[in-house]
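K.L.:
Handing you a structure now.
The values are calculated or read from the model by the stated rules, or taken from the named source; none is laboratory data. This structure is a prediction, so every number in the text was calculated from the model and none was measured. Neighbour counts run over all protein chains shown; Cβ positions are idealised from the backbone, glycine included. Just the protein is used for accessible areas: all its heavy atoms, side chains included, with ligands, DNA and RNA removed. Shrake-Rupley method; radii C 1.70, N 1.55, O 1.52, S 1.80 Å.
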Amino acid sequence: MASHPLLSAALRALLPERCVFCGARAQAGEVCGDCLRDLPGRGRERCRVCAIPIAGAQVCGHCLRDPPSYSHSVAAADYRFPLDAAIARLKYGPDLSLLAPLAHLLARAVRDQPAPDMLIPMPLSAAGLRARGFNQAAELARLVAREVRAPLSLTAATRCKDTAPQASLPFDRRAGNVHGVFACGAPVAGLRVALLDDVMTTGATVEELARTLRRAGAADVGVWVLARTPRPD
């Protein structure tokens with residue numbers, strides 16, 4: 001998954017040598033050191049399963065009572081300013097200059113994780129892809145996979161139903177909204193899989209996809225996200 005040297009050089013030439021958060025000089029495609037240090041939630045102790053911030057880096061009570069279909073999660077930071085604004089600019093701008101620095105931020109967060117057998121980005125429905133024009137999770141996954149040298153599959157999971165955006169629904173309706181929306185498009189039996197998405201809020205969407213992959217025989221499912229929001233409770 002290593003990038004071609006000429007491609008890497010071309011990308012560096014196109015990327016501004018400015019931090020995407022504060023505008024200070026920084027290496028092209030990266031966040032400056034000051035913003036990295038100040039990024040809310042970066043490096044904090046979290047539940048090993050769902051990445052909710054807790055003291056002691058143990059497993060939170062919710063995951064102990066009702067274990068999800070995924071076994072572990074990594075979040076680069078909290079879904080707070082400036083990361084929340086950057087993710088919105090990427091998705092809805094769309095500001096594609098944010099892809100490289102945000103992917104690098106996530107790659108830094110997962111660099112100590114065992115390499116998965118397959119990295120799978122959260123899929124969009126066909127209607128969602130037409131409306132937005134690109135899948136930000138897939139584009140982030142391309143760069144993260146290259147940086148951490150993980151095999152990437154853009155076809156292992158598909159979204160077979162078009163549903164209302166999760167962000168438009170109350171928290172208590174989100175699980176039902178995504179029930180049965182995913183299908184496997186490639187064999188995953190026996191594989192250790194990592195799911196990649198930009199934001200994890202209630203966890204309903206990653207839970208539904210993880211459940212689908214486990215039913216298809218995946219040996220283990222982990223979750224890699226840029227940002228984690230607190231649970232509504």
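K.L.:
Name, by its number, the condition in (1) hydrophobic (A, V, I, L, M, F, W, C); (2) modelled with pLDDT under 85; (3) more than 17 Å from L195 (Cβ to Cβ); (4) surrounded by 18 or more Cβ atoms within 10 Å (Cβ to Cβ) that does not hold for A100.
P.N.:
(2) is the only condition that A100 fails.
K.L.:
Just give me the residues in region 129-144 being open to solvent by 30 Å² or more (accessible area, probe 1.4 Å) and part of a helix (DSSP H, G or I), in sequence order.
P.N.:
L129, R130, A131, R132, E139, R142, L143, listed by residue number.
K.L.:
How many residues, within region 21-56, are more than 13 Å from P82 (Cβ to Cβ) and acidic (D, E)?
P.N.:
2
K.L.:
So, in region 107-128, how many residues would count as being open to solvent by 70 Å² or more (accessible area, probe 1.4 Å) and over 22 Å from E30 (Cα atoms)?
P.N.:
1
K.L.:
Could you look through region 106-128, keep only residues that are out of contact with any Ser or Thr (no Cβ under 8 Å at 6 or more places or on another chain) and assigned to a loop (DSSP other than H, G, I, E, B), and pick out the one that is modelled with the lowest pLDDT?
P.N.:
Once the filter is applied, the top-ranked residue is L124.
K.L.:
Go through region 60-74 and report how many residues are in a loop (DSSP other than H, G, I, E, B) and open to solvent by 40 Å² or more (accessible area, probe 1.4 Å).
P.N.:
3
K.L.:
Would you point out the residue of region 21-47, among those that are open to solvent by less than 30 Å² (accessible area, probe 1.4 Å) and among the aliphatic types (A, V, I, L, M), that is modelled with the lowest pLDDT?
P.N.:
Here the residue is A28.
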